[in-house]
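Trainee: Can you read through this structure? Questions will come right after.
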Amino acid sequence: MPGELRIPTFCETGAGLLLCVVDLIHQSVPKSVWDMERLKKSFGNRTVPVILAEGDVMAFGPCPDRTLVASAVLRHHGIRPTIVYHERRVPGFGPSTAHIAMEIDLGGRTWMMDFGSRETRLIEGGYYYNPEVEETLALERFDLMAMDFDLMDITPNQIFGLVATENIDMELKFEHYAKQARKYSEHIVEDRLALDKSHSVYYEL
């Protein structure tokens, strides 16, 4: 693992360590708004070294790249997260989409680490969502470290390919992202961290 992504030695164990990972991801791969050409070329197609070299993630869909980089950091420090793949549809909110988050068991407690577009969530407990709002098309959990590939050489799209259904039309997704990019607020590139469900902008979801 590249030395620049080592967790600082002053970080404690448990929640303190995970907070340091989140802070490291926010600083190392900040969100930015991409044009359509870069979307089609790069979204989901970069390995950890390429993500780090380019130094940013797509603001409207940061979860694939940030989760992959965070998984590599956690693995480097002896922690094996469970990847949660959630393919879903929210009526009235664009086309079907896929989301990746993590469940992390540490010190006898479970944490959800979730790099969303509107905020990052580091909340005690497992991955959660509101089935009354989100129609789930697929929900899978798997251990990347137990699979037969190098975490530094895999791309998010290769991960998606392990579990994705045929419900996602990437051309529609790119058009949706491009539409968001044309009218975005500067707030989309800021990083907000929620440590409690009730303080999350995704609370209703």
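Trainee: In nm, give the distance between the simple-model label positions of residue 89 and residue 152, each being 7 Å from the Cα along the Cα-to-Cβ direction.
Mentor: 4.1 nm
Trainee: Hey, another quick one. What's the Cα-based Rg to Rh of region 31-107, Rh via Kirkwood? Mind dumping the intermediate values first?
Mentor: Working: Rg = 14.0 Å, Rh = 13.9 Å.
Rg divided by Rh gives 1.01.
Trainee: Something else: When all C-alpha to C-alpha distances in the chain are sorted into bins of 5 Å, what percent of pairs does each bin hold, rounded to whole numbers?
Mentor: Percent of pairs per bin, in order: 1, 7, 16, 21, 23, 18, 10, 4, 1, 0.
Trainee: Please build a GNM for the chain, connecting alpha carbons under 10 Å apart, and tell me which residue among 50, 33, 84 fluctuates the most.
Mentor: Comparing 50, 33, 84 in the GNM, the peak value goes to 50.
Trainee: Starting from the Cα of residue 197, draw a straight line to each of the lysines and keep only those under 23 Å, dropping any in the same chain fewer than 8 residues away.
Mentor: Within the straight-line limit of under 23 Å, residue 197 reaches these lysines: 31.
Trainee: Still on this structure: Taking the simple approach of a point 7 Å from Cα along Cα-to-Cβ for both residue 19 and residue 166, what is their distance in nm?
Mentor: The modelled label-to-label distance comes out at 4.8 nm.
Trainee: How much length is gained if the chain between residue 141 and residue 201 is pulled fully straight, taking 0.36 nm per residue apart and subtracting their Cα-Cα distance, in nm to one decimal?
Mentor: Values: separation 60, 0.36 × 60 = 21.60 nm, distance 2.42 nm.
The span from residue 141 to residue 201 would gain 19.2 nm if fully extended.
Trainee: While we're on this one: Return the Rg/Rh ratio of region 120-205 with Cα-based radii and a Kirkwood Rh. It would help to have the intermediate numbers written out before the result.
Mentor: Values: Rg = 16.2 Å, Rh = 16.4 Å.
Over the Cα atoms of region 120-205, Rg/Rh equals 0.99.
Trainee: Using a Debye calculation, one point per C-alpha and no hydration shell, please list log10 I(q)/I(0) for region 63-129 at q = 0.16, 0.18 Å⁻¹ in order.
Mentor: Debye output, listed in q order: -0.55, -0.68.
Trainee: May I ask for the distance between the Cα centers of region 41-61 and region 157-190, given as a whole number of Å?
Mentor: 13 Å
Trainee: Where the only charges are on Cβ atoms (+1 Lys, Arg; -1 Asp, Glu), what is the dipole of the chain about its Cα centre, to the nearest 20 debye?
Mentor: Numbers: 21 positive and 31 negative charges, 54 e Å.
Using Cβ point charges on Lys, Arg, Asp and Glu, the chain gives about 260 debye.
Every number in this text was worked out from the coordinates using simple rules, so none of it is lab data. Note that this is a predicted model, so its numbers are computed, not measured. Reconstructed Cβ throughout: ideal geometry from the backbone, glycine too, with neighbour counts over all protein chains shown.
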